[in-house]
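Undergrad: Could you have a look at this structure, given as structure tokens, before my questions?
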Amino acid sequence: MEQQVSGSGESICDSSVFGQWANQAHKLYREYCQAMPHTASSLRTTQSLDAKFDPFVNTVGLSLPWFGMGWEDYLKLPISQLNLYIEKLQRLVAIAEGLDEPAAFNEATCLKSTVAAVQ
């Protein structure tokens, strides 16, 4: 979308796509955040009661980028990604605000609303 906006200067990206994503993601993130403490507690209990649990967790695909991190870090990943989403959306706001087109103002306003929703 950055290329679309900065490339020809003739078109503006459809910011409603991000608004729709934020609305759909909001429900999923809320459910995830409600379930995560219970999941983490259950995993901790299993870890303390079953000696085979740690070797099993080590086989579930915590790849090299996760070296030195555990399953709790893996559970927090979706939440930590929110900061990345906010940063990318703020970049799109800056691009839209930098354009000298009337439609860009509306797009920037819509993108700012999406940033606020994700925050």
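The values are calculated or read from the model by the stated rules, or taken from the named source; none is laboratory data. Everything numeric in this text was worked out from a predicted model, so none of it was measured. FYI the Cβ positions are ideal-geometry reconstructions off the backbone, even for glycines, and counts take in every protein chain you see.
Undergrad: Out of region 84-119, which residues are of a type in the set (S, T, N, Q) and in a loop (DSSP other than H, G, I, E, B)?
TA: So the first thing to find is which residues in region 84-119 are of a type in the set (S, T, N, Q), and the list is 90, 106, 109, 113-114, 119.
Answer for region 84-119, where residues must be of a type in the set (S, T, N, Q) and in a loop (DSSP other than H, G, I, E, B): just 119.
Undergrad: Still on this structure, please answer the following. Can you tell me which of 88, 76 is under 19 Å from the mean Cα position of the chain (by Cα), at negative phi, at pLDDT 90 or above and among the charged types (D, E, K, R)?
TA: Details: 76 fails: at pLDDT 90 or above.
Answer to the check: 88.
Undergrad: Among the numbered conditions (1) assigned to a loop (DSSP other than H, G, I, E, B); (2) surrounded by 15 or more Cβ atoms within 10 Å (Cβ to Cβ); (3) modelled with pLDDT of 75 or more, tell me where residue 43 comes up short.
TA: Result: residue 43 passes all but (1).
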